[in-house]
Amino acid sequence: MRIMKLSQGVEWALHCTVALAQSRAQAPVSRRTLAGYFDLPEAYLAKHLKSLVQAGVLTATSGPRGGFRLARPASGITALDIVEAIEGTLPPFVCTEIRQRGECAVPPEKCTGPCPVAKVMYDADRAWRDHLRSVTVAGLVDRLPPWSHSHAGTPTEADASTVL
C-alpha cells in the first residue's frame, strides 16, 4: 500500500521545534546541538532549519554563540506552519482534467466544477490542513509523556555553550 509521503525534514523540523519549545536555555541552541540531540546529519538539518527561519517559525543568530530559537510563542506556531515551511504550500493533488481526454471524454462545457475525484481530494487536503492548523507546538509539548522530559532532557544552555 502506498501512502502520501512527506519528507523526513518534516519530522526533523517538528521534533527540533518541540525541543526548542521545551528548552530552558536563554541562549540560542546551535544546529550542532540539535543535530546531536536527535542524531541527525548536521548539514541536512541546516537546510530545514533555514526553511523554518525563512517561514518565521525560528529566528537565527550567527556568530560563536549563535543558534536557533522559536520566533514566537510555541502556542502561536502550528504543525501546519512547520509542514508548509518544509514542504511548501502547494496542494498534494492537482487535477489535470483527465475526464476531458480519451475515448470517454466529457465535453469541456459540461465540466463546470470539480469532478467527484477532485472534490474528495480537495476535501481531504482541507481536512488535513485544518487538523494540522489546530495543533500547536505547545500542544505537542503537552502531549509528550512525562518520562520523555526526564529521559533525554532537552537542549539546555549548558549544551548550547559547549558546542557554539
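The values are calculated or read from the model by the stated rules, or taken from the named source; none is laboratory data. Treat the numbers as computed from the prediction; the structure is a model and nothing was measured. Note that we place each Cβ from the backbone using ideal geometry, even for glycine, and neighbour counts take in every protein chain shown. Only protein heavy atoms, including side chains, enter the accessible area calculation; ligands, DNA and RNA are left aside. Shrake-Rupley method; radii C 1.70, N 1.55, O 1.52, S 1.80 Å.
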Step by step: first the residues of region 66-96, then only those that are open to solvent by 50 Å² or more (accessible area, probe 1.4 Å) and among the aliphatic types (A, V, I, L, M), then the one that is nearest to the chain's Cα centre (by Cα). Which residue is that? 90
Would you pick out the residues in region 35-54 that are out of contact with any Lys or Arg (no Cβ under 7 Å at 6 or more places or on another chain), under 22 Å from residue 136 (Cα atoms), modelled with pLDDT of 95 or more and buried (at least 17 other Cβ atoms within 10 Å of the Cβ)? 48, 51, 52
Pair list, Cβ under 7 Å, 6 or more apart: region 78-100 residue within 18 Å of residue 21 (Cα to Cα), other residue in a strand (DSSP E or B) and open to solvent by less than 60 Å² (accessible area, probe 1.4 Å): 78/136
Restricting to region 10-26, count the residues that are open to solvent by less than 30 Å² (accessible area, probe 1.4 Å) and not in a helix (DSSP H, G or I). 2
Residue pairs qualifying under the 6 Å Cβ cut-off, at least six apart or on distinct chains, with the first in region 104-122 being closer than 16 Å to residue 93 by Cα and the second being in a loop (DSSP other than H, G, I, E, B) and open to solvent by less than 80 Å² (accessible area, probe 1.4 Å), are 118/95; 121/93
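Just to be sure before I move on: is residue 63 in contact with a Leu (Cβ under 9 Å, 6 or more places away or on another chain), loosely packed, with under 13 Cβ neighbours inside 10 Å and assigned to a loop (DSSP other than H, G, I, E, B) in the structure I sent?
So residue 63 fits the description; yes.
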